[in-house]
Amino acid sequence: MLATPAVKAWLRLGPYTRFAYNLFAVATLLPVLALGRVLIDGAPFDRPAWLAVGQAVAVAAGVAVFLWGVAGYDLGRFAGTAQIRAHRTGIALNEDEPLRLDGAHRFMRHPLYAGGLLVLWGGVADPLSLATAVWASAYLLIGMMHEERTLLALYGEAYRAYRSRVPALLPWRGRAL
């Protein structure tokens, strides 16, 4: 909800919006994880070796997909520090980047979400990591639906055409562009 245009306008943080959003996300995530450690028994699941190996492969693939996806972004803009630096030097910098159609985005629209989901589910080894995977997946999928609406509003027909050619998470159609 913090990423919606109405909330951004109401908060009036200007060039500090993205950075504040990221700080809020980290500040609210840490207590939830700490509370989970206290409330959920951490005894590891008894997993067969093949499953543990498969999960390790999923985590490695998730990290690779995430890094491949993030490589296409201006990380300063992504974190919000580029907007702050530009503001301090008197330059207006739009928070939004151009529509990405290269790199991992040629194969899936949301490589960061795909990588995150692989890491989450590959990392399930105990009740806490299972609960984390379930709730974080719900959060990511809801966020992805919100982002789809935002990208349609921002890029219009270009995003609609891209969306019709490139799958959201699983690159099952092969090289789309």
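The values are calculated or read from the model by the stated rules, or taken from the named source; none is laboratory data. All figures in this text were calculated on a predicted structure; none of them were measured in a lab. Please note: Cβ atoms are built from the backbone with ideal geometry, for glycine as well, and neighbour counts cover all protein chains shown.
Out of ALA161, ALA131, report the one residue that is exposed (fewer than 13 other Cβ atoms within 10 Å of the Cβ), among the small types (Gly, Ala, Ser) and either farther than 30 Å from PRO44 by Cβ or modelled with pLDDT under 95 (or both). Before the answer, list the steps.
Details: ALA131 fails: exposed (fewer than 13 other Cβ atoms within 10 Å of the Cβ).
After ruling out the rest, the residue left standing is ALA161.
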Return yes or no: is PHE66 modelled with pLDDT of 85 or more and either farther than 26 Å from VAL7 by Cα or within 16 Å of the chain's Cα centre (by Cα) (or both)? yes
Among the residues of segment 38-55, are any at pLDDT below 85 and touching a helix residue (DSSP H, G or I) at 6+ places or on another chain (Cβ under 7 Å)? yes
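Taking segment 48-82 only, how many residues are under 30 Å from LEU93 (Cα atoms) and not in a helix (DSSP H, G or I)?
Here is the first cut: in segment 48-82, the residues under 30 Å from LEU93 (Cα atoms) are 63-82.
Checking which are not in a helix (DSSP H, G or I) leaves us with 71-74, 80.
Qualifying residue count for the region: 5.
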When both residues are 6+ apart or on different chains and their Cβ atoms are under 8 Å apart, which pairs have a first residue that lies in segment 126-139 and is of a type in the set (Ser, Thr, Tyr), and a second that is modelled with pLDDT under 95? THR132/LEU33; THR132/GLY36
Considering only residues that are within 16 Å of ASN22 (Cα to Cα) and among the aliphatic types (A, V, I, L, M), look in segment 73-91 and name the one that is surrounded by the fewest Cβ atoms within 10 Å (Cβ to Cβ). LEU75
Mind checking which residues of segment 41-95 are among the acidic types (Asp, Glu) and in contact (Cβ under 8 Å) with a residue 60 or more places away in the chain? ASP41, GLU95
